[in-house]
Amino acid sequence: MSEDIELVFTREGMKIRKSVELLGEIRWVEELIPYEKIRRMNGMELLIDSIEPEIERGVLISLKFHVKRYASFSTGRRIEIKLGGKSWRKYGLIPLPKRYREYFPGYKIPFILETDIGEIKTKVTSASRGTPHGDPEAGNVIQGGLRPWYDRHRELREGDILIIEIIEPMRRYKLSYISRNDIFR
């Protein structure tokens, strides 16, 4: 999501400020979220443009984060990816549709997939040359360390569905699958 957002951390909690167009004018709307509620959140990803401290009489009053990108995550989210073509097995990769990209770490940032053959350390890859590591929008495949899992699951076919569950956002996921034959039973 790319909109003008500020996160302001104060003594009372975190204010989320968004710019909106109202009656032809750009105005800021804000919501205060108490820190107790933030502690219960499962995760959030921020791409920060700048940080501004607010100081009164030598005392820090708040920190204002200008955010280019903001997304919150919940554990237990289930992502379903239908296998198509042949490259996924040949190259040991998982195709990553754009609609799911925000649920994974930045380009070439490692994360863990829990599988029935153990943990696999992998990352999002396949972007243009010169793409900086960590770019949250770059990459369209999950690749690295997946060949042993595909070798263990020779029964996987085009049309089967990979299931990726978010266990710890941006760090840990669980990989399983559903056979297309099971879908139609």
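With R₀ fixed at 25 Å, the C-beta to C-beta distance from R157 to D116 puts the FRET efficiency at about 0.90. If you take all C-alpha pairs in the range 113-185, what percent of them are over 20 Å apart? Percentage above 20 Å: 40. Over 23 Å apart at the Cα level, from the set K18/K123; K15/K68; K108/K174; K18/K68, are K18/K123. Summing Lys, Arg as +1 and Asp, Glu as -1, what charge do residues with Cβ under 14 Å from the Cβ of E52 carry, E52 excluded? Residues close to E52 contribute a combined charge of -1. Computing Rg and the Kirkwood Rh from the Cα coordinates of the chain gives a ratio, Rg/Rh, of 1.08. Summing Cβ point charges (Lys, Arg +1; Asp, Glu -1) relative to the Cα centre of the chain gives a dipole of roughly 900 debye. Straight-distance candidates among the aspartates and glutamates for linking to K90, with alpha-carbon spacing under 17 Å and chain neighbours fewer than 8 residues away dropped: D151, E155, E158, D160. Going from the fewest other Cβ atoms within 10 Å to the most, the residues W28, W149 appear in the order W28, W149. The mean sequence distance of close C-alpha pairs (under 8 Å, at least 6 residues apart), as a share of the length of the range 76-171, puts its relative contact order at 41 percent.
Full extension of the segment from S179 to D135, taken as 0.36 nm per residue of separation minus the current Cα-Cα distance, would add 12.5 nm. Within a straight-line Cα-Cα reach of under 17 Å, K64 can be paired with the following aspartates and glutamates, leaving aside sequence neighbours fewer than 8 residues apart in one chain: E3, D4, E6, E12, E30, E31, E45, D49, E52, E54, E56.
The Cα-based radius of gyration and maximum Cα-Cα distance (Dmax) for the range 77-141 are 12.1, 35 Å.
The numbers here are math on the coordinates, done by the rules we state, and not lab data. Values in this document were obtained by computation on a predicted structure and should not be read as measured data. All Cβ positions, glycine included, derive from the backbone under ideal geometry; neighbour counts span all protein chains shown.
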